[in-house]
Amino acid sequence: MTFATILNKKDFNPEDLAVMLTAKGEERKLLYSHAAKIKQQYVGNKVYFRGLIEFSNICSKDCYYCGIRKGNNKVERYNLTDDEILEAAHFAYKNRYGSVVIQGGEIASPKFTERVTFLCREIKQLSDNSLGITLSLGEQTPETYAQWKEAGAHRYLLRIETASPGLYKKIHPRDSHHQFEARYNCLKTLQELGYQAGTGVMIGLPFQTIDDLVNDLLFMQKFDVDMVGMGPYIEHPDTPLYQFRGELLPIGERFDLALNMIATLRILMKDINIAAATALQAIDPMGREKAIRLGANIIMPNITPGSYRNDYALYENKPCTDEDPDQCANCLDVRIKLADGEIGYGEWGDSKHYMKRSRLKTLLPGKTAL
Ligand code: SAH
Ligand code: SF4
């Protein structure tokens, strides 16, 4: 079967996906142009902003890959004040970003739950109910997720990191706080609560194979996720996984593999939202724009107050850590145009997949379509 025939199939088996993920040269070009065509057809050329607020780098977990893990005592810990967070949200509102993402280390305590609830309510209020809120605060109880949804959050990002339980074990401590099953159940709960549930994986992890990545794609499809944010794994010197850096794919190949993953996912799940991960930009200054050209439609400009950005170093060479949000806004405007995109200013840009899913749910047997 030719490569072009595979691309035009209706259903893809694991072998097809592996061929697409490993495409090089002319085949890679075909993969990218096909994914770009599908993107145009199903989600259009609009790119939606999610202003990223890196809330705090204090984390109770010890993931082996992450620079802000609890065990890294070289990190200066910070916790933005409520005013700083609300000011950043106001910046997003004023600049018509449409939505904010509140992301940070994982903390589970009643005080933390209450604080996030308060912040969600305030963000809704300061924006005349117009800013969309995505949360990315790790694993929490169903009650906490429900409370945050009630307070105004409507999307949640929880990367599964890898859908292979064996690999998951290798990149996390083997204790009750780092369980694949628990993370999976959280994702299920989020979906059941009616959040637009987003997941994602790291690409190019030590010990990861093409079969693992194929498995990741099939996981996303089976889970019927509404949005995905995935990017290359980038080693951080103060983490346990750094010792395996000699076994990693060269950084350029990891980048290409991440782009192949994004293009393949766009072909597999045509109407979902796909974010152009910041980690792509850490490798190639135009990394996010390249991802937008071939399938991604979401970008998360960093609107964390500048002085804290250096301390939220999940990986090495995190880009734009010295800029202030005003500079980011102008820079992105130009960049998206260069990638033939158009920014959906002031729009939520909800996943079309989610809208289709929720419409279907309301059309249960016995109900009419009107
Ligand atoms: N604590 C929350 C959210 C913050 S971490 C959580 O873990 O869900 C956000 C994401 O950063 C993680 O999901 C992980 O995929 C990514 N990340 C962490 N370390 C990384 C690294 N070294 N390279 C690339 N991505 C990394
Ligand atoms: Fe904490 Fe998230 Fe980093 Fe894991 S990936 S250590 S949960 S911030």
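Key figures for this structure:
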| item | result |
| --- | --- |
| Unmet criterion (only one of (1) over 19 Å from Leu167 (Cβ atoms); (2) surrounded by fewer than 24 Cβ atoms within 10 Å (Cβ to Cβ); (3) small (Gly, Ala, Ser)) for Gly295 | (2) |
| Filter result (crowded, with 20+ Cβ neighbours inside 10 Å and outside any helix (DSSP H, G or I)) within the range 214-234 | Val225, Asp226, Met227, Val228, Gly229, Met230, Gly231, Pro232, Tyr233, Ile234 |
| Residue that is nearest to Leu205 (Cα to Cα) [pool: residues in the range 165-189 that are crowded, with 20+ Cβ neighbours inside 10 Å and touching a residue at least 60 places away in the same chain (Cβ under 8 Å)] | Ile171 |
| Contacts under 8 angstrom Cβ, first residue in the range 92-121 being touching a residue at least 24 places away in the same chain (Cβ under 8 Å) and away from ligand 1 (no atom under 16 Å from the Cβ), partner in a strand (DSSP E or B) and open to solvent by 30 Å² or more (accessible area, probe 1.4 Å), 6 or more apart | none |
| Residues of the range 122-164 satisfying the condition of being charged (D, E, K, R), buried (at least 16 other Cβ atoms within 10 Å of the Cβ) and farther than 30 Å from Val214 by Cα | Glu122, Lys124, Lys149 |
| Some residue of the range 227-238 being more than 16 Å from ligand 2 (Cβ to nearest atom) and in contact with a strand residue (DSSP E or B) (Cβ under 7 Å, 6 or more places away or on another chain) | yes |
| Every residue from the range 193-213 that is in a helix (DSSP H, G or I) and closer than 25 Å to Asn297 by Cα | Ile210, Asp212, Leu213 |
| Test: residue in the range 21-37 that is more than 30 Å from Glu235 (Cβ to Cβ), modelled with pLDDT of 95 or more and either hydroxyl-bearing (Ser, Thr, Tyr) or part of a strand (DSSP E or B) (or both) | yes |
| Residues that are open to solvent by 50 Å² or more (accessible area, probe 1.4 Å) and charged (D, E, K, R), drawn from the range 239-255 | Arg245, Glu247, Glu253 |
| Breaking point among (1) within 14 Å of ligand 2 (Cβ to nearest atom); (2) part of a loop (DSSP other than H, G, I, E, B), for Glu76 | (1) |
| Residues of the range 267-322 classified as part of a loop (DSSP other than H, G, I, E, B) and not polar (S, T, N, Q), total | 25 |
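Every residue, every condition in (1) more than 13 Å from ligand 2 (Cβ to nearest atom); (2) over 24 Å from Ala88 (Cα atoms), yes or no:
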site	(1), (2)
Thr113	yes, no
Ser130	yes, no
Ser136	no, no
Thr144	yes, no
Ala153	yes, no
Tyr156	yes, no
Lys170	yes, yes
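Every residue, every condition in (1) of a type in the set (Lys, Arg); (2) within 10 Å of ligand 1 (Cβ to nearest atom); (3) surrounded by fewer than 17 Cβ atoms within 10 Å (Cβ to Cβ); (4) in contact (Cβ under 8 Å) with a residue 12 or more places away in the chain, yes or no:
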{"position": "Lys46", "(1), (2), (3), (4)": "yes, no, yes, yes"}
{"position": "Arg50", "(1), (2), (3), (4)": "yes, no, no, yes"}
{"position": "Phe55", "(1), (2), (3), (4)": "no, yes, no, yes"}
{"position": "Tyr64", "(1), (2), (3), (4)": "no, yes, no, yes"}
{"position": "Ile68", "(1), (2), (3), (4)": "no, yes, no, yes"}
{"position": "Asn73", "(1), (2), (3), (4)": "no, no, yes, no"}
{"position": "Arg77", "(1), (2), (3), (4)": "yes, no, yes, yes"}
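The values are calculated or read from the model by the stated rules, or taken from the named source; none is laboratory data. Everything numeric here is computed off the predicted structure, so don't read it as measured data. Cβ coordinates were reconstructed from backbone atoms using ideal geometry, including for glycine residues, and neighbour counts include every protein chain displayed. Accessible surface areas use protein heavy atoms only, side chains included; no ligands, DNA or RNA. Shrake-Rupley method; radii C 1.70, N 1.55, O 1.52, S 1.80 Å.
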